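The values are calculated or read from the model by the stated rules, or taken from the named source; none is laboratory data. Keep in mind that what you see is a predicted model, and the values were worked out from it rather than measured. Cβ placement follows ideal geometry from the backbone for every residue including glycine, while neighbour counts extend to all protein chains displayed. Note: areas computed on protein heavy atoms with side chains; ligands, DNA, RNA excluded. Shrake-Rupley method; radii C 1.70, N 1.55, O 1.52, S 1.80 Å.
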Amino acid sequence: FKGGDTCEYLLSSGRFLGEKVWQPHSCMMHKYKNSEAKNCLIDKHIVFIGDSRIRQLFYSFTKLINPQVKEEGNKHGNILFEDKSASIKVDFLWYPEVNGSMRQCIKSWTEGSVAKPHIIVAGAATWSIKIHNGSNEALTQYKINITSIAPLLEKLATSSDVYWVLQDPVYEDMLSESRKMITNEKIDAYNEAAVRILNSSSRNSKAKVKVFSVSKLIAQETIMKSADGLHLPESSRDTNAMILMNVYCNKIMKPIDGSCCQPQPPLTLIQKLAFCFFTLSIIGYLIINLIHRNNYRKNKSCTDLESGEEKKPAISPPNVSTLEMLLHSFCKLGLIMTYFYLCDRANLFMKENKFYTHSSFFIPIVYILVLGVFYTENTKETKVLNREQTDEWKGWMQLVILIYHISGASTFLPVYMHIRVLVAAYLFQTGYGHFSYFWIKGDFGVYRVCQVLFRLNFLVVVLCIVMDRPYQFYYFVPLVTVWFMIIYATLAVWPQIVQKKTNGNCLWHFGLLLKLICLLTCIYFLSYSQGAFEKIFSFWPLSKCFELNGNVYEWWFRWKLDRYVVFHGMLFAFIYLALQKRQMISEGKGDPLFSNRVSNVLLFISVVSFLTYSIWASSCKNKTECNELHPSVSVVQILAFILIRNIPGYVRSVYSSFFAWFGKISLELFICQYHIWLAADTKGILVLIPGYPMFNVLVSTFIFVCVAHEISQITNDLAQIVVPKDNSTLLKRLLCIAGFFSGLLLFSAMQDQSRH
């Protein structure tokens with residue numbers, strides 16, 4: 001809202017989420033690992049100059065570089081730290097008072113005889129209060145001394161990062177007798193003097209001493225846990241050190257989840273071309289719309305003044321042409337993409353870190369469950385996994401996944417394991433749905449393939465262009481796209497075995513089972529041969545689609561995590577359709593799927609299996625080990641859910657229209673959340689209304705759902721135009737699309753070259 005530099009917010013304001021998680025105002029703070037800290041500070045010299053509180057900050061900072069550092073140095077002397085592997089020097093210089101000695105030290109850095117440190121962190125005051133027993137004369141002398149030091153610090157700020165740390169409040173009840181004169185009133189007076197004097201001579205200059213005042217806010221919340229009432233507890237010191245690291249390193253390392261102090265990324269060539277395209281689409285649509293309206297006005301019916309009769313219009317209201325529909329769709333899409341860019345690329349709206357609590361995840365789950373049950377209607381058909389039921393299934397799963405993402409519930413392992421089952425269930429539906437279509441219809445035409453590929457990938461391709469992100473970043477779409485092509489290839493390759501063919505000869509069933517066994521063998525081989533998998537997807541141009549951060553490991557990990565579930569979906573579809581063909585199941589309204597005895601036994605087994613999986617997932621201790629078992633066991637809970645949902649006739653005959661509505665736009669919801677509901681590429685939360693978390697979520701959610709629904713309609717409209725049924729026209733469109741992607745690859749290569 002205020003714009004400006006997010007570094008100022010990081011250094012001056014924020015609040016605690018829970019007990020230990022610090023949330024800066026308006027931006028996100030990255031938690032730096034040791035390796036990242038070393039990469040950022042390589043060949044750097046950092047100096048901490050001040051009293052025992054600055055020494056504490058020095059130790060916390062050095063531990064970010066090397067966690068093995070121990071606080072063993074001389075408490076009232078200089079302490080030197082060096083990391084030779086990265087050529088990093090971090091020094092603590094003992095100057096507990098702002099006096100002539102500190103001034104002389106700082107002056108030596110401005111005269112050129114001594115190399116200037118890259119980062120200077122200074123601050124002192126409590127010793128002056130203590131030694132002079134809190135006298136007013138000491139405060140006056142402090143003002144004089146800091147006035148003499150200020151120009152030197154401002155001069156250093158032209159070439160180095162200079163921070164002045166304001167004094168933290170004390171917990172007066174815990175102070176020893178020798179420190180009783182250090183009161184919060186005195187500390188406030190010293191801080192006020194420092195803030196007023198520093199940068200007073202360079203108010204209009206960009207080179208300023210950065211005032212580190214956020215430490216005061218942190219201390220106000222945590223000083224009660226201090227061991228002596230003066231020094232901060234370790235967790236608070238670590239937070240201050242992490243803030244310092246973010247202030248300096250975010251602009252260098254550019255972490256996705258560290259939006260504080262990061263400049264807005266410059267527009268790429270592809271983004272500029274996309275902006276021009278959408279602008280021209282908007283202008284073109286407005287011109288065509290204006291021309292049509294003028295023509296309609298000229299020819300609309302009017303009354304003949306002489307005869308008093310109404311004349312009929314010479315031309316009827318114009319039908320919407322293909323060009324107008326195309327421009328209208330791109331016009332809306334252009335406005336929506338502008339909103340995407342402003343939310344997650346421009347520094348216009350605020351962003352915050354996620355913070356998980358059980359209530360933030362489970363209470364919204366209860367809300368949507370109540371809403372879903374309230375909107376219950378009868379289904380049009382009562383078949384297993386009918387259209388309304390699968391839309392409902394997608395809908396409630398998508399809503400749970402959205403709540404999981406915004407609440408940061410991935411840190412809670414039992415929830416994570418259950419969400420993995422929901423993702424697997426989506427892929428199960430991919431296997432079930434596409435297998436059923438090809439098996440029943442026997443339609444392996446190009447039109448069907450192009451329609452599916454367009455609907456799956458259109459939004460992601462646009463976002464890759466507008467948001468400057470690789471295709472693999474939106475991992476779920478590449479996953480379902482590749483699995484669709486695998487299903488198509490499995491069934492389309494000679495011999496094409498479909499239901500119609502098996503009606504004449506049952507032996508064809510064994511041919512299909514042989515195909516499925518071959519598919520399972522290939523999946524098994526690739527899942528245990530990372531090298532072979534990476535070779536396949538490292539060939540250009542596949543590598544451009546599936547690489548993330550320079551390699552395809554992330555793609556291999558995502559594919560491997562749910563490698564069997566699509567096969568399970570295909571196998572389930574085959575068995576179900578075979579039973580249906582032989583009328584071995586009853587799908588009448590209100591009828592149980594099997595005989596009462598069989599239905600009851602299967603229901604009991606399903607409920608036990610469902611609960612057993614949940615108990616196992618809830619008892620998981622190690623994410624890596626559970627992920628290894630997940631591909632083989634996730635199908636247990638999926639099949640258990642399908643049987644529980646479909647065996648009782650009365651349950652199969654109803655569905656939730658609330659969940660089904662969301663299910664129809666589930667793909668758009670999943671993709672759009674990356675940038676206009678969450679922020680920083682899902683790492684944080686978008687803040688449209690600061691200070692009101694619940695109201696902010698309501699407003700951003702409403703916009704997010706409306707946008708997803710609109711994009712779904714745009715995709716459907718464009719699919720009819722871009723992918724026509726006429727084969728010759730479709731071939732021409734495919735050539736145009738191939739040309740478009742060739743140009744995109746060319747511009748992408750040019751961008752990569754310019755970046756390097």
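Of the residues contained in the stretch 439-446, one or more are found to be assigned to a loop (DSSP other than H, G, I, E, B), out of contact with any Phe, Trp or Tyr (no Cβ under 8 Å at 6 or more places or on another chain), in the same structural domain as residue 632 (by the TED database) and over 25 Å from residue 553 (Cβ atoms).
Within the stretch 442-462, the residues that satisfy the criterion of being free of Cβ contacts under 8 Å to residues at least 40 places away in the same chain and of a type outside the set (Val, Ile, Thr) are 443, 445, 448, 453, 457.
Here 543, 595, 599 are screened, and the one residue that is hydroxyl-bearing (Ser, Thr, Tyr) and over 30 Å from residue 437 (Cα atoms) is 543. Can you say whether residue 320 is buried (at least 18 other Cβ atoms within 10 Å of the Cβ), more than 20 Å from the chain's Cα centre (by Cα) and at pLDDT below 95, as far as the supplied structure shows? Considered against the rule, which asks whether it is buried (at least 18 other Cβ atoms within 10 Å of the Cβ), more than 20 Å from the chain's Cα centre (by Cα) and at pLDDT below 95, residue 320 comes out as no. When residue 738 is tested against (1) open to solvent by 20 Å² or more (accessible area, probe 1.4 Å); (2) under 24 Å from residue 475 (Cα atoms); (3) within 17 Å of the chain's Cα centre (by Cα), just one condition goes unmet, and that condition is (3). Looking only at the stretch 376-390, residues that are under 30 Å from the mean Cα position of the chain (by Cα) and open to solvent by less than 10 Å² (accessible area, probe 1.4 Å) come to 1 in all. Can you find a residue in the stretch 654-662 that is in a helix (DSSP H, G or I), open to solvent by less than 10 Å² (accessible area, probe 1.4 Å), assigned by the TED database to the domain that holds residue 355 and on the phi < 0 side of the Ramachandran plot? Yes, the stretch 654-662 has at least one match.
Residue-by-condition table, conditions (1) among the hydroxyl-bearing types (Ser, Thr, Tyr); (2) open to solvent by 30 Å² or more (accessible area, probe 1.4 Å); (3) not assigned by the TED database to the domain that holds residue 509:
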| position | (1), (2), (3) |
| --- | --- |
| 560 | no, yes, no |
| 583 | no, yes, no |
| 586 | yes, yes, no |
| 599 | yes, no, no |
| 606 | yes, no, no |
| 613 | yes, no, no |
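Inside the stretch 519-542, can you point out the residues that are assigned to a helix (DSSP H, G or I) and either among the basic types (Lys, Arg) or farther than 20 Å from residue 561 by Cα (or both)? Answer for the stretch 519-542, where residues must be assigned to a helix (DSSP H, G or I) and either among the basic types (Lys, Arg) or farther than 20 Å from residue 561 by Cα (or both): 535, 542.
Among residues belonging to the stretch 262-273 that are in contact (Cβ under 8 Å) with a residue 24 or more places away in the chain and assigned to a helix (DSSP H, G or I), point out the one that is surrounded by the fewest Cβ atoms within 10 Å (Cβ to Cβ). Across the stretch 262-273, the extreme among qualifying residues is 269. Among the residues making up the stretch 199-217, those that are modelled with pLDDT under 90 and either part of a helix (DSSP H, G or I) or buried (at least 17 other Cβ atoms within 10 Å of the Cβ) (or both) are 199, 202. When the stretch 684-699 is filtered for residues that are over 15 Å from the mean Cα position of the chain (by Cα) and open to solvent by less than 30 Å² (accessible area, probe 1.4 Å), the ones remaining, listed by number, are 688, 696. The residues in the stretch 504-543 that are of a type in the set (Lys, Arg) and open to solvent by 70 Å² or more (accessible area, probe 1.4 Å) can be counted, and the count is 1.
When restricted to residues that are touching a residue at least 12 places away in the same chain (Cβ under 8 Å) and among the aromatic types (Phe, Trp, Tyr), the stretch 525-542 contains 2. The combined condition, being among the hydrophobic types (A, V, I, L, M, F, W, C) and crowded, with 18+ Cβ neighbours inside 10 Å, is not fulfilled by residue 276. Under 7 Å between Cβ atoms, at least 6 apart or on separate chains: pull out the pairs that start in the stretch 463-479 with a residue that is touching a residue at least 40 places away in the same chain (Cβ under 8 Å) and end on any residue that is open to solvent by 10 Å² or more (accessible area, probe 1.4 Å) and in a loop (DSSP other than H, G, I, E, B). Close Cβ pairs (under 7 Å, with a partner that is open to solvent by 10 Å² or more (accessible area, probe 1.4 Å) and in a loop (DSSP other than H, G, I, E, B)) amount to 463/469; 467/345; 468/268; 470/547; 472/547. For the stretch 699-726, filtering for residues that are acidic (Asp, Glu) and touching a residue at least 60 places away in the same chain (Cβ under 8 Å) leaves 2. Select from the stretch 434-467 the residues that are surrounded by fewer than 18 Cβ atoms within 10 Å (Cβ to Cβ) and either within 18 Å of residue 572 (Cβ to Cβ) or among the acidic types (Asp, Glu) (or both) and list them in ascending order. Matches in the stretch 434-467: 437, 440, 443. Might you let me know whether the stretch 425-438 holds any residue that is among the hydroxyl-bearing types (Ser, Thr, Tyr), touching a residue at least 12 places away in the same chain (Cβ under 8 Å) and closer than 30 Å to residue 677 by Cα? Checked the stretch 425-438: at least one residue is among the hydroxyl-bearing types (Ser, Thr, Tyr), touching a residue at least 12 places away in the same chain (Cβ under 8 Å) and closer than 30 Å to residue 677 by Cα. Restricting the first member to the stretch 616-639 and to residues that are at negative phi, and the second to residues that are charged (D, E, K, R), the beta-carbon pairs closer than 7 Å and six or more apart or on different chains are 630/420; 631/562; 631/563; 634/420.
Every condition in (1) open to solvent by 50 Å² or more (accessible area, probe 1.4 Å); (2) closer than 30 Å to residue 419 by Cα; (3) out of contact with any Pro (no Cβ under 8 Å at 6 or more places or on another chain); (4) modelled with pLDDT under 95 holds for residue 547 except the one numbered (3). Annotation: of all residues in the stretch 324-350 being among the charged types (D, E, K, R) and over 18 Å from residue 286 (Cα atoms), the one that is least open to solvent (accessible area, probe 1.4 Å) is 344. Select from the stretch 356-375 the residues that are small (Gly, Ala, Ser) and over 16 Å from residue 394 (Cα atoms) and write down the one among them that is surrounded by the most Cβ atoms within 10 Å (Cβ to Cβ). Ranking the candidates gives 360 first.
In the stretch 218-261, the qualifying residues are those that are among the β-branched types (Val, Ile, Thr) and open to solvent by 60 Å² or more (accessible area, probe 1.4 Å), and the one that is farthest from residue 25 (Cα to Cα) is 252.
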